[in-house]
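So the structure is just underneath, and the comments pick up after that.
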Amino acid sequence: MSPRPDLGPKPRLGYADSRIERAAELRNDTTALDKLAADRRAGAYVIGGELIVAKKAAPLSNPLFTMQGASALAPAMETVFLGRADGAARFGVGIAPAAAEALKTRGDLLVTDLRSIAMQGLVDAEHLPPIAEAKAVLHWHARHRFCPNCGAPTQLVAGGWKRDCPACKAEHFPRTDPVVIMLAVDGERCLLGRSPRFVPSMWSCLAGFVEPGESIEDAVHRETLEEAGIACGRVVYFRSQPWPFPTSLMIGCHAEALGKDIVVDKTELEDARWFDRQEVTAMLARKHPQGLTTPPPVAIAHHLIRAWIEDEVSFG
Ligand SMILES: [Zn+2]
């Protein structure tokens with residue numbers, strides 16, 4: 001069946017394929033970081049909690065400020081070195097959420113949440129990975145101002161990639177939370193579910209956090225069984241996606257369904273059911289007779305579903 005020209009070229013996955021070279025070797029070199037920040041080509045993404053600040057423009061707004069432009073917006077709470085793009089430094093500047101909220105009154109600025117920016121394509125897609133990087137690490141800083149070990153105030157070091165506790169000498173590193181997201185497949189059918197949080201008519205892959213002591217495969221098995229009552233066998237890794245809401249890493253997999261009878265966990269899902277290839281193809285193409293849809297291309301679920309439709313999934 002593949003390829004599927006009717007579905008058009010494969011879209012870009014949101015927040016992934018970063019062009020940022022992280023240059024981790026510079027993180028502890030404050031002289032080098034100061035020099036990079038002083039370079040006129042340096043740029044900063046400005047974030048206040050869930051809000052991203054951009055310079056309003058048509059057709060695309062610009063979320064990359066000069067260092068001076070960023071500091072003129074609001075006082076920086078934390079500044080993180082994201083890395084370099086085309087040799088120029090990129091920083092994430094965290095401002096107070098209230099300060100970002102106050103910037104909404106300015107007509108020259110777009111101040112909104114990252115989901116809206118990504119879903120509506122309000123900025124060049126190239127900016128999404130560094131914004132995701134900045135948002136996730138700044139979120140971590142905002143919640144680790146005190147040492148989890150002894151309660152003393154911690155200090156940002158290493159260009160924002162560590163916090164040190166001066167009292168007990170503990171070192172704290174930014175974390176990311178693994179989430180499995182999987183498309184369970186039963187021959188010519190796949191399993192999709194609906195969360196009550198979804199926009200009406202959208203169906204997606206099941207997903208859940210990987211728990212401590214659990215492998216990716218075990219998490220896929222457990223979540224699919226818990227949410228839909230479907231036992232799975234073989235699990236095949238597809239690809240992953242940073243998901244900065246707030247600090248997740250989505251691990252996309254296809255799973256071979258062993259059971260057929262769905263039992264929906266109504267505390268997690270509004271509904272779950274099998275979809276055949278024809279119906280899913282119509283959903284991907286936004287041509288479903290009842291208006292049902294898959295998630296948009298910014299989400300890895302779209303790509304997991306499309307890969308199955310395009311016969312790219314093999315359980316060996
Ligand atoms: Zn401590």
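State whether one or more residues within the range 130-138 are in contact with a Lys or Arg (Cβ under 6 Å, 6 or more places away or on another chain), within 16 Å of the ligand (Cβ to nearest atom) and not in a strand (DSSP E or B).
Within the range 130-138 (the criterion being in contact with a Lys or Arg (Cβ under 6 Å, 6 or more places away or on another chain), within 16 Å of the ligand (Cβ to nearest atom) and not in a strand (DSSP E or B)), the answer is no, since none of the residues qualifies.
Would you check which residues across the range 50-67 are in contact (Cβ under 8 Å) with a residue 40 or more places away in the chain, surrounded by fewer than 19 Cβ atoms within 10 Å (Cβ to Cβ) and not polar (S, T, N, Q) and list them?
Hits for the range 50-67 are GLU50, LYS55, LYS56, LEU60.
Which pairs have Cβ atoms under 8 Å, sit 6 or more apart or on different chains, and link a residue in the range 161-181 that is closer than 17 Å to LEU138 by Cα to one that is within 16 Å of the ligand (Cβ to nearest atom) and hydroxyl-bearing (Ser, Thr, Tyr)?
ARG163/THR154; ASP164/THR154; HIS172/THR154
Output the number of the condition that ARG306 fails; it satisfies all remaining conditions of (1) assigned to a strand (DSSP E or B); (2) within 17 Å of LEU183 (Cβ to Cβ).
Only one criterion is unmet by ARG306, namely (1).
Is it the case, given these coordinates, that MET119 is assigned to a helix (DSSP H, G or I) and either of a type in the set (A, V, I, L, M) or more than 16 Å from the ligand (Cβ to nearest atom) (or both)?
yes
Please count how many residues of the range 17-41 are surrounded by fewer than 16 Cβ atoms within 10 Å (Cβ to Cβ), out of contact with any Phe, Trp or Tyr (no Cβ under 9 Å at 6 or more places or on another chain) and small (Gly, Ala, Ser).
Counting residues in the range 17-41 that are surrounded by fewer than 16 Cβ atoms within 10 Å (Cβ to Cβ), out of contact with any Phe, Trp or Tyr (no Cβ under 9 Å at 6 or more places or on another chain) and small (Gly, Ala, Ser) gives 1.
Just for the range 198-239: of the residues that are of a type in the set (S, T, N, Q) and farther than 12 Å from MET182 by Cβ, which one is modelled with the highest pLDDT?
Only one residue fits best here, namely SER215.
Quick check: anything in the range 139-146 in a loop (DSSP other than H, G, I, E, B), within 14 Å of the ligand (Cβ to nearest atom) and at pLDDT 95 or above?
Checked against the condition, which is being in a loop (DSSP other than H, G, I, E, B), within 14 Å of the ligand (Cβ to nearest atom) and at pLDDT 95 or above, the range 139-146 yields at least one hit.
If we keep just the residues of the range 168-184 that are among the hydrophobic types (A, V, I, L, M, F, W, C) and surrounded by fewer than 13 Cβ atoms within 10 Å (Cβ to Cβ), which is farthest from the ligand (Cβ to nearest atom)?
Here the residue is PHE173.
Within the range 150-166, count every residue that is within 11 Å of the ligand (Cβ to nearest atom), surrounded by 14 or more Cβ atoms within 10 Å (Cβ to Cβ) and outside any strand (DSSP E or B).
2
Please count how many residues of the range 274-287 are touching a helix residue (DSSP H, G or I) at 6+ places or on another chain (Cβ under 9 Å) and among the basic types (Lys, Arg).
Of the residues in the range 274-287, 2 are touching a helix residue (DSSP H, G or I) at 6+ places or on another chain (Cβ under 9 Å) and among the basic types (Lys, Arg).
Collect the residues in the range 1-40 that are under 27 Å from the mean Cα position of the chain (by Cα), more than 30 Å from VAL280 (Cβ to Cβ) and basic (Lys, Arg), keeping them in residue-number order.
Result: ARG19, ARG22, ARG27.
Right, ASP6: at positive phi, surrounded by fewer than 14 Cβ atoms within 10 Å (Cβ to Cβ), of a type in the set (D, E, K, R) and not in a strand (DSSP E or B) or not?
When the stated conditions are applied, ASP6 does not pass them.
Got a number for residues in the range 186-200 being surrounded by fewer than 19 Cβ atoms within 10 Å (Cβ to Cβ), in contact (Cβ under 8 Å) with a residue 60 or more places away in the chain and within 19 Å of PHE238 (Cα to Cα)?
Number satisfying all stated conditions: 3.
So is GLY208 away from the ligand (no atom under 16 Å from the Cβ), more than 16 Å from the chain's Cα centre (by Cα), not charged (D, E, K, R) and not in a helix (DSSP H, G or I) or not?
When the stated conditions are applied, GLY208 does not pass them.
The values are calculated or read from the model by the stated rules, or taken from the named source; none is laboratory data. From a predicted model like this one, the values you see are computed outputs, not experimental measurements. Quick reminder, even Gly has a Cβ in these numbers, built from the backbone with ideal geometry, and neighbours come from all protein chains shown.
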